Amino acid sequence: MLPVARWLMRGTPYAVGAAALASVVPWLFWFGAAIAALMTLRRGLAPAMPVILAAALPAGWWWTQGDAIPLATVLLVTLMASVLRARMRWSEALIVGALAGAGMVQLGLFVPPGGAGPLLEQVRQNSAEVDRMLTEFASQGLDTERLAVLLIGGVTGLIVLVAAVACLALARSWQAGLYNPGGFREEFHGLRMAPKELAVLVVLGVIGMLLGIPALAMLSWVPLLVAGVALVHGFIGLKGMNGLWLVAFYVLLITTWPMILIVLLLAFIDTLADFRGRLARSD
């Protein structure tokens, strides 16, 4: 996709047109978000504003139709790109993204129009098993509609944050490919949470649990998960292992919950142990 990125960087009108078109087409919003992130990374927030607006306005129209994911992704990736450009640290951009994503969930941006009640009723009609389960929850005194709002908001917020991180990575790889070949690989392979940043994530998770903000407790661990993924990439790169190892890793990561916990644990330990630094010194 590097030739596409080179074409986009020929001038603002090219990027504006591509971002607007991508955001209009369903399921291509990620491409418009990546274009906005690329322009923000390369030129800064103010010069990239026409491109950001070109991606955000069609995404805003989708929001009025009940789909908030495109607009939320554009806004979140733009924020993260601004932080990454200013601070040059992926970890800080990820933490800011997690906070902003939790804020979106808390504000109810991902709740369906009309609330979760109509959706719950539709699910009840389509599944007798779910209907029995919800009836049992209600008999135990649980507010099933509030539970549905939390579930929908949390899952959607997680999807938006993951999509924004992926779009930011794509934009950063474009930028590196055009102006600093090999720079993204080196940067991502070296991504590691500093002890202070890990402490911030732990505090955010605890605050989320104590104050009843489940979105904050859940999304605060996404930066650590990304750091764990970077650790695996870095290890495989240092060892010169076959790319099929990465394919197997992602298959396990997507399909098995224990793998996610293992990656989180490895990233946690790596903050203190610095596996890649030790491996590089030993080689």
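The values are calculated or read from the model by the stated rules, or taken from the named source; none is laboratory data. Nothing here was measured: the structure is a model prediction, and the numbers come from that model. Counting neighbours? That spans all protein chains shown, and the Cβs are built from the backbone with ideal geometry, glycine included. Just the protein is used for accessible areas: all its heavy atoms, side chains included, with ligands, DNA and RNA removed. Shrake-Rupley method; radii C 1.70, N 1.55, O 1.52, S 1.80 Å.
When each of the peptides 79-88, 253-262 is scored by the mean number of other C-beta atoms lying within 10 Å of its residues, the order from highest to lowest reads 79-88, 253-262.
Given their separation in residues at 0.36 nm each and the Cα-Cα distance between them, residue 279 and residue 242 gain 11.5 nm when the chain is fully extended. Just to be sure I understand: if I project the alpha-carbon convex hull of the stretch 180-275 onto a plane and average over all orientations, what area do I get in nm²? So the mean shadow area of the Cα hull is 7.1 nm². For the stretch 30-161, just say rounded, prolate or oblate: build the C-alpha gyration tensor, square-root its eigenvalues into a ≥ b ≥ c, call rounded for a/c under 1.5, and beyond that prolate if a/b exceeds b/c, oblate if not. Judged from the Cα gyration tensor, the stretch 30-161 comes out prolate (a/c at least 1.5, a/b above b/c). Once you reduce the stretch 41-86 and the stretch 234-283 to the center of their Cα atoms, the two points are 31 Å from each other. For the chain, modelled as a GNM whose springs connect Cα atoms under 10 angstrom apart, the maximal fluctuation among 22, 163, 46 occurs at 46. The label-point distance for residue 28 and residue 63, in a model that sets each label 7 Å from Cα toward Cβ, rounds to 2.2 nm.
Rounded, prolate or oblate: which fits the stretch 112-189 when a ≥ b ≥ c are the square roots of the eigenvalues of the alpha-carbon gyration tensor, with rounded for a/c under 1.5 and prolate only if a/b beats b/c? Prolate shape, in that a/c is at least 1.5 and a/b is the bigger ratio.
Label the stretch 1-96 by shape, choosing from rounded, prolate and oblate, from the square roots a ≥ b ≥ c of the eigenvalues of the Cα gyration tensor; if a/c is under 1.5 it is rounded, and otherwise prolate applies when a/b is larger than b/c, oblate when it is not. Oblate.
Counting 0.36 nm for each residue step from residue 207 to residue 2 and taking away their Cα separation leaves a gain of 69.6 nm.
The ellipsoid equivalent to the alpha-carbon distribution of the chain has semi-axes of 33, 27, 17 angstrom, derived from the gyration tensor eigenvalues as √(5λ) and listed largest first. Summarising the label geometry, the points placed 7 Å from Cα in the beta-carbon direction at residue 46 and residue 107 lie 2.4 nm from one another. Report summary: the helix-based calculation at 222 nm, which adds -39500 (n - 2.57) for every DSSP H run with n ≥ 4 and divides by the residues of the chain, gives -27000 deg cm²/dmol. Of the heavy-atom accessible surface of the chain (probe 1.4 angstrom), what whole percent is carbon and sulfur? That share works out to 69 percent.
Charge dipole (Cα centre; +1 on Lys/Arg Cβ, -1 on Asp/Glu Cβ; no other charges) of the stretch 1-136 amounts to roughly 880 debye. In the stretch 83-161, a dipole from Cβ-located charges (positive for Lys and Arg, negative for Asp and Glu) runs towards its positive end, and of 114, 94, 144 it is 94 whose Cα lies farthest in that direction.
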